[in-house]
Amino acid sequence: MAWLMSVGVFLLLCGLLGLLLPSPRPARWRRGLRRGTARVTSRLHRRVVVEPDPFDTLRLQTRLGYLSTKIRSVESTPHVYARAHRLMALEAAYDDLLDEACRLAGCPGEPDGERSEAKRWQEEQELAARGWTW
């Protein structure tokens with residue numbers, strides 16, 4: 001009788017181990033069970049889409065407007081100390097803000113280190129098409 005009990009425990013442990021260890025190709029009933037549980041959990045756990053804060057958008061538009069005014073004033077003033085350096089720093093900050101604004105507005109494209117006038121113009125047009133002003 002003891003050997004029958006040990007065989008039963010052995011088979012129970014093998015079954016539990018088979019459920020825990022990943023198999024190369026899961027059985028059909030396991031795949032169906034996995035799909036069913038995924039469907040139920042997706043219905044129960046709705047993903048909440050977080051809307052951007054309108055004050056963040058306003059703050060970003062204000063900063064973009066301030067930087068664009070500073071860039072225009074540095075470009076229009078002929079005798080500014082370290083003009084090229086200031087202009088490069090202002091344009092880099094403006095480009096970073098444009099990338100952040102595009103991310104916030106959901107514009108297509110990816111931010112990268114390569115900056116050009118064409119990309120800046122395209123981002124400004126995308127933001128203007130979405131109603132952004134600065």
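Limited to segment 92-134, what total is found for residues that are part of a helix (DSSP H, G or I), of a type outside the set (S, T, N, Q) and closer than 20 Å to residue 57 by Cα?
We begin by selecting, within segment 92-134, every residue part of a helix (DSSP H, G or I); these are 92-105, 117-129.
Filter once more, keeping what is of a type outside the set (S, T, N, Q): 92-105, 117-121, 123-124, 126-129.
From what is left, the residues that are closer than 20 Å to residue 57 by Cα are 92-105, 120-121, 123-124, 126-129.
Summing the residues that are part of a helix (DSSP H, G or I), of a type outside the set (S, T, N, Q) and closer than 20 Å to residue 57 by Cα in segment 92-134 gives 22.
Would you check if residue 69 is closer than 19 Å to residue 126 by Cα and either at pLDDT 90 or above or within 26 Å of the chain's Cα centre (by Cα) (or both)? Step through it out loud before you land on a result.
On the way: closer than 19 Å to residue 126 by Cα: no; either at pLDDT 90 or above or within 26 Å of the chain's Cα centre (by Cα) (or both): yes.
Criteria not met by residue 69.
Show the residue pairs that are 6+ apart or on different chains and have beta-carbon atoms under 8 Å apart, the first residue being within segment 91-105 and on the phi > 0 side of the Ramachandran plot, the second being surrounded by 17 or more Cβ atoms within 10 Å (Cβ to Cβ) and not in a helix (DSSP H, G or I).
The qualifying pairs do not exist here.
Out of 55, 10, I need the residue that is surrounded by fewer than 10 Cβ atoms within 10 Å (Cβ to Cβ) and either of a type outside the set (Lys, Arg) or assigned to a helix (DSSP H, G or I) (or both). Which one? Give the derivation first.
Working: 10 fails: surrounded by fewer than 10 Cβ atoms within 10 Å (Cβ to Cβ).
It is 55.
Identify, from the list 47, 43, the residue that is surrounded by fewer than 10 Cβ atoms within 10 Å (Cβ to Cβ), assigned to a helix (DSSP H, G or I) and within 31 Å of the chain's Cα centre (by Cα). Give the steps one after another, and end with the answer.
Numbers: 47 fails: assigned to a helix (DSSP H, G or I).
Every option except 43 fails the conditions.
So how many residues does segment 15-37 have that are surrounded by fewer than 10 Cβ atoms within 10 Å (Cβ to Cβ) and hydrophobic (A, V, I, L, M, F, W, C)?
Looking only at that region, the number is 5.
The values are calculated or read from the model by the stated rules, or taken from the named source; none is laboratory data. These numbers come from a predicted model, not from an experiment. Glycine also receives a Cβ, built like all others from the backbone with ideal geometry; neighbour counts cover every protein chain displayed.
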